[in-house]
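Enquirer: Sharing a structure below in structure tokens format, with a few things to ask.
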Amino acid sequence: MSRCALQYLLITPAKNEQAFIELTIRSVVSQTVRPLRWLVVSDGSTDRTNEIVAHYARQYDWIELLKMPQRQSRDFGGKAECVNAGYENARGLGWDIIGSLDADISFGDDYFEFLLEKFDDDPQLGIAGTPFSEAGKTYDYRFSSTDHVSGACQLFRRECFEAIGGYVPLKGGGIDVIAVLTARLKGWRTRTFTEKVSHHHRLMGSAQQRTKILAAFALGQKDYRLGFHPVWQLFRSLYQMSRRPYVIGGAALFTGYCWAMLYRYQRSVDRELLEFQRQDQMRRLRKFFGFVMPTSSAPR
């Protein structure tokens with residue numbers, strides 16, 4: 001039995017997730033500590049997503065299907081709108097923690113009990129989560145920071161979520177990054193706990209290498225919009241060259257960033273968040289390499 005008395009709310013944005021959503025549902029219903037309410041917000045799904053969720057909602061009264069108006073595009077702006085709509089729907093319930101959970105991941109039976117206990121242990125913990133694996137591989141945390149929490153599953157203390165205003169709708173992505181940065185800027189602690197791992201099932205196969213390259217290019221553009229420091233982006237791209245698709249993926253990432261810089265894409269963050277993030281990135285690089293690097297900001 002859990003020693004933690006915290007109640008949690010889950011919100012899952014879902015758009016045409018029939019391939020994997022049942023894996024996510026089975027993971028949640030198997031939890032040692034179940035949510036007070038789980039809102040699956042269908043973002044205009046046209047496949048069997050709604051049918052699958054409705055089937056389980058009839059079996060478990062704490063699962064609820066919400067339907068958003070149908071949209072043609074699939075983007076992160078839609079995800080933010082779904083989470084914020086779910087929050088408004090469940091605002092009057094007595095939950096302490098709110099979680100944004102993707103519809104294509106699975107995890108162990110004590111996954112949420114583990115994370116709830118972390119919140120119980122640290123009153124200043126605002127956002128928590130774990131790494132996720134794809135094809136059995138997890139991100140190398142020597143080249144990242146446990147201060148960042150992946151958007152695949154982000155749990156927020158209620159006061160933190162409300163203080164940052166929920167998710168900011170951005171079609172280009174980065175809503176999880178902005179949420180974490182804003183929380184840290186407001187004095188909350190954010191943490192990825194590497195003792196647990198979730199499993200991401202929406203994989204891209206070798207036949208989709210061209211798609212991977214285009215995705216890396218688009219990710220580089222997103223990194224520029226989010227204000228990543230050019231030096232950080234260089235080392236981030238070099239690291240990605242060591243992962244499939246070798247060399248070309250990292251090259252596409254850096255090219256996308258430079259393309260956005262050349263054409264002066266509009267930033268997704270304000271000046272305060274940009275400077276906060278860049279200072280943090282340079283601090284992490286100095287720590288990794290063990291020597292003093294320039295602290296002056298690169299051109300905006």
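Enquirer: Points 7 angstrom from Cα along the Cβ direction at ARG91 and LYS67: gap in nanometres?
Expert: In this crude label model, ARG91 to LYS67 measures out at 2.4 nm.
Enquirer: Which whole-number percent is the relative contact order of the chain (Cα, under 8 Å, 6+ apart)? Don't jump to the answer; show the numbers that get you there.
Expert: Values: 536 pairs, mean separation 50.1, N = 300.
RCO, the chain: 17 percent.
Enquirer: Relative to the longest principal axis of the chain, what angle (0 to 90°, nearest 10) does the C-alpha long axis of helix 111-121 take?
Expert: Long axis of 111-121 versus the principal axis of the chain: about 70 degrees.
Enquirer: Among DSSP beta bridges lying fully in the chain, give the percent that are antiparallel, nearest 5.
Expert: Working: 11 of 33 bridges.
Bridges in the chain are about 35 percent antiparallel.
Enquirer: To the nearest 20 Debye, how big is the dipole of region 125-247 about its Cα centre, given +1 on the beta carbon of each Lys and Arg and -1 on that of each Asp and Glu?
Expert: On the way: 18 positive and 8 negative charges, 43 e Å.
Here the size comes out at about 200 debye.
Enquirer: Another question about this same structure. More than 26 angstrom separation, counting every C-alpha pair in region 41-160; what % is that? Display every interim value, and only then the final one.
Expert: On the way: 2017 of 7140 pairs.
Beyond 26 Å sits 28 percent of the P(r) for region 41-160.
Enquirer: Can you find, among HIS199, ALA216, PHE112, the residue farthest towards the positive end of the dipole of the chain? Put +1 on the C-beta of Lys and Arg, -1 on that of Asp and Glu.
Expert: Farthest along the dipole direction, towards plus: ALA216.
Enquirer: Arrange the peptides 154-160, 217-223, 97-103, 243-249 so that the one whose residues have, on average, the most other Cβ atoms within 10 Å appears first. It would help to have the intermediate numbers written out before the result.
Expert: Values: 154-160: 23.0, 217-223: 21.0, 97-103: 25.4, 243-249: 14.4.
Packing proxy ranking, top to bottom: 97-103, 154-160, 217-223, 243-249.
Enquirer: About the Cα centre of the chain, how large is the charge dipole given +1 on each Lys and Arg Cβ and -1 on each Asp and Glu Cβ? Please answer in debye to the nearest 20.
Expert: On the way: 40 positive and 32 negative charges, 253 e Å.
Dipole about the Cα centre, nearest 20: 1220 debye.
Enquirer: Something else now. In nm, what is the difference between 0.36 nm times the number of residues separating GLN266 and GLU134 and their Cα-Cα distance? Could the numbers behind the result be given before it?
Expert: Numbers: separation 132, 0.36 × 132 = 47.52 nm, distance 3.13 nm.
Taking GLN266 through GLU134 to full extension adds about 44.4 nm, to one decimal.
Enquirer: Write down the accessible area per residue of the chain in Å², having rolled a 1.4 Å probe over the full set of protein chains. Mind showing how you got there, number by number?
Expert: Working: 14480 Å² over 300 residues.
That works out to 48 Å² for each residue.
Enquirer: So, R0 is 22 Å and r is the distance between the beta-carbons of SER145 and THR32; what FRET efficiency does that work out to, to 0.05?
Expert: Values: r = 29 Å, r/R0 = 1.32.
Efficiency, rounded to the nearest 0.05: 0.15.
Enquirer: Go through LYS171/LYS212; LYS212/LYS287; LYS118/LYS186; LYS67/LYS212; LYS118/LYS287 and tell me which ones have a Cα-Cα distance over 29 Å in this structure.
Expert: From LYS171/LYS212; LYS212/LYS287; LYS118/LYS186; LYS67/LYS212; LYS118/LYS287, over 29 Å: LYS212/LYS287; LYS67/LYS212.
The values are calculated or read from the model by the stated rules, or taken from the named source; none is laboratory data. This one's a predicted model, so the numbers in the text were calculated from it and none came from an experiment. Note: ideal-geometry Cβ built from the backbone for every residue, glycine included; neighbour counts use all protein chains shown. When the accessible area is computed, the model is the full protein with side chains, heavy atoms only, and any ligands, DNA or RNA have been set aside. Shrake-Rupley method; radii C 1.70, N 1.55, O 1.52, S 1.80 Å.
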